[in-house]
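Reading through the structure tokens given below for one structure.
The values are calculated or read from the model by the stated rules, or taken from the named source; none is laboratory data. Remember, it's a predicted structure, so these values are computed and weren't measured experimentally. Cβ coordinates were reconstructed from backbone atoms using ideal geometry, including for glycine residues, and neighbour counts include every protein chain displayed.
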Amino acid sequence: MKHEILVIGAGMIGTCTALELALRGHSVTLMDRSLPGRETSYGNAGVIQREAVEPYAMPRGIGQLISAAMGRDPGISYHFKALASMAPALWRYWRASALERHREISRDYAALIAHSTSEHARLMELANATDLVRRGGLRLAYRSSSLFEGATRDAERLQSEYGIGFAALGGEKLAQAEPDLRIAMAGAIHWLDSWSVSDPGGLVERYAALFQQRGGRVVQGDAISLREKGRGWAVDTFEGTVEAAQVVIALGPWSAELTRSLGYRLPLFVKRGYHRHYAGGGTLSVPMLDAERGYVLAPQQRGLRISTGAEIARVDAVPTPHQLHAAEAAARQLLDLGEPVEFVPWMGCRPCVADMRPVIGEAGRHAGLWFNFGHGHQGFTLGPASARLLSDLIERRQPFIRAEGYAPGRFSHY
């Protein structure tokens, strides 16, 4: 059976894209090698980061770069063997992180982030998933007074420029808000507009269930088999060949391999991350970033989840959860962590683009080929908003935000 649109990739981005198109009346098939929400979208901290109006920039100071190179920055780790293959994209990432260029990028980024919670709210209501969300915000906690004071000044700037709500909590107020904390902290920035989800993979599953209720089809198959066929596209699945007039690639960290096979050269790279749940100890009322140790503690259904910072490594490299072990040690300073739930930590990959903006739009060289990937740390946050933007473009209607900053053709030598 030939469908109108095929979406490849059933993480938060792909599932939301398929759902948005189905809600608009399109005939859609959603395909992945596994079931919806089982890969990267399962493993994040589960925070819908309304405050993340400025994407994470690469450190540019000499001291910061030396600290990262020497392994002193707990939020960054790397495999030396991966740096050579990723060097061109990392070089572009470093250049894009320059102050003026980063501010220009942030203007585009903030326009999409501005719709993150409202677009999730719309889909959550339709999917009967509001029980999974907490609207209590996100805290960035600091151990040293000087860094807390600097973070407060930066939060004031973001509030002034973007209208993001926050509260600066001193050490005593933070201790009152989180009585399970064992040590005195200097303070925390409490971002008030962000939400958290108790089961990130479960939210994707609810969206996928709504997609199927609205007539969508979910299949498992081999993405690399994607090929042109006649005036459309075909892909091999466990249920046979699926054909469609148009196709959306939303494969997250695996998008690079598939797009390269079609002749596209985009500056993509991955940041790997790890998580583990802990139960039987203390907890937190809202997710908290231990800002000077580079990990997030988030209360979820399976326990208190530790999510690590960025590991620069190949997608298929052997897991090296050094950051997780360091994060666990740091977290045990803060509270009684309890015991790990999983015997083996989870590992996943974040799909990143050198200029920190996702790739959303028409591929350009092939009729009926669309891209929606490269959301870095914010794929979970931006799933519904990105889906709305791409759906507007597919339908040739006026996009609800300016789309040029996300267009695939923005890269030279594309």
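Here is how the numbers come out for the structure above:
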read-out: Tabulated pairs, segment 108-136, first more than 23 Å from Tyr56 (Cβ to Cβ), second assigned to a strand (DSSP E or B), C-beta under 6 angstrom, 6+ apart or interchain; value: Leu132/Val197; Val133/Trp195; Val133/Val197; Arg134/Ser196; Arg135/Trp195
read-out: Residue list for segment 134-174, restricted to those being of a type in the set (Gly, Ala, Ser) and under 23 Å from the mean Cα position of the chain (by Cα); value: Gly136, Gly137, Ala141, Ala151, Ala155, Gly163, Gly165
read-out: From the options Glu20, Glu51, residue that is in a loop (DSSP other than H, G, I, E, B), in contact with a Leu (Cβ under 9 Å, 6 or more places away or on another chain) and at pLDDT 95 or above; value: Glu51
read-out: Per-region count, segment 275-324, residues among the hydroxyl-bearing types (Ser, Thr, Tyr), buried (at least 23 other Cβ atoms within 10 Å of the Cβ) and not in a strand (DSSP E or B); value: 1
read-out: Candidates Ala209, Ala184 - the one that is over 30 Å from Glu125 (Cα atoms) and over 18 Å from the mean Cα position of the chain (by Cα); value: Ala184
read-out: Some residue of segment 314-325 being touching a helix residue (DSSP H, G or I) at 6+ places or on another chain (Cβ under 8 Å) and within 30 Å of Gly405 (Cβ to Cβ); value: yes
read-out: Condition check for Ala151: under 27 Å from Gly303 (Cα atoms), assigned to a helix (DSSP H, G or I), touching a strand residue (DSSP E or B) at 6+ places or on another chain (Cβ under 9 Å) and of a type in the set (Gly, Ala, Ser); value: no
read-out: Residue in segment 161-171 that is in contact with a Leu (Cβ under 7 Å, 6 or more places away or on another chain) and either assigned to a helix (DSSP H, G or I) or crowded, with 19+ Cβ neighbours inside 10 Å (or both) present; value: yes
read-out: Residue within segment 341-354 that is within 22 Å of Leu123 (Cα to Cα), of a type in the set (A, V, I, L, M) and touching a strand residue (DSSP E or B) at 6+ places or on another chain (Cβ under 9 Å) present; value: no
read-out: Contacts under 9 angstrom Cβ, first residue in segment 343-358 being under 15 Å from Gly37 (Cα atoms), partner of a type in the set (D, E, K, R) and modelled with pLDDT of 95 or more, 6 or more apart; value: Trp346/Arg276
read-out: Subset of segment 172-189 (residues that are surrounded by fewer than 19 Cβ atoms within 10 Å (Cβ to Cβ) and out of contact with any helix residue (DSSP H, G or I) (no Cβ under 8 Å at 6 or more places or on another chain)); value: Glu172, Lys173, Ala175, Gln176, Ala177, Pro179, Asp180
read-out: Test result for Ile5, in a helix (DSSP H, G or I) and in contact (Cβ under 8 Å) with a residue 12 or more places away in the chain; value: no
read-out: Answer residue from segment 230-274, given it is more than 14 Å from Val7 (Cα to Cα) and charged (D, E, K, R) and is surrounded by the most Cβ atoms within 10 Å (Cβ to Cβ) among those; value: Arg272
read-out: Condition broken by Gly25, with the remaining ones in (1) without any contact (Cβ under 8 Å) to a residue 12 or more places away in the chain; (2) buried (at least 24 other Cβ atoms within 10 Å of the Cβ) satisfied; value: (2)
